[in-house]
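Below is one structure; the comments refer to it alone.
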Amino acid sequence: MTLIRLEQQKTDIVITINVPHIKGSYDETEIDVEDGKQGKLLDAAVAYQDRFLPTLQIKDWTLFVSE
């Protein structure tokens, strides 16, 4: 989950990438949250986010104007 604060518009944008973990569809030994190991599925989601965020553009700022 990523939160982007648009302070001047007094609003936020929240971006979520859902990574379902269905038992048996991943190697449980690859995940250890305390040790910082997220596993292949979450690593892929983070890589996707890293590619996606730099391309985010707001083309219509009037979406954030409240009357």
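Side notes on the structure shown:
- Condition broken by residue 23, with the remaining ones in (1) in a loop (DSSP other than H, G, I, E, B); (2) at pLDDT 90 or above satisfied: (2)
- Residue 13 vs. criteria part of a loop (DSSP other than H, G, I, E, B) and either of a type in the set (A, V, I, L, M, F, W, C) or in contact with a Ser or Thr (Cβ under 9 Å, 6 or more places away or on another chain) (or both): no
Condition check ((1) surrounded by 10 or more Cβ atoms within 10 Å (Cβ to Cβ); (2) touching a residue at least 24 places away in the same chain (Cβ under 8 Å); (3) touching a Lys or Arg at 6+ places or on another chain (Cβ under 8 Å)) across all residues:
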position: 14; (1), (2), (3): no, no, no
position: 17; (1), (2), (3): yes, yes, no
position: 24; (1), (2), (3): no, no, no
position: 28; (1), (2), (3): yes, no, no
position: 34; (1), (2), (3): no, no, no
position: 42; (1), (2), (3): yes, no, no
position: 51; (1), (2), (3): no, no, no
position: 55; (1), (2), (3): no, no, no
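- Considering only residues in segment 26-54 that are of a type outside the set (Val, Ile, Thr) and part of a loop (DSSP other than H, G, I, E, B), the one that is nearest to residue 14 (Cα to Cα) turns out to be 38.
- Which numbered condition residue 20 misses (of (1) within 20 Å of the chain's Cα centre (by Cα); (2) of a type outside the set (Lys, Arg); (3) under 30 Å from residue 63 (Cα atoms)): (3)
The values are calculated or read from the model by the stated rules, or taken from the named source; none is laboratory data. As the structure is a computational prediction, the values presented were derived from the model and not from experiment. Every residue, glycine as well, gets a Cβ built from its backbone with ideal geometry; the counts of neighbours run over all protein chains shown.
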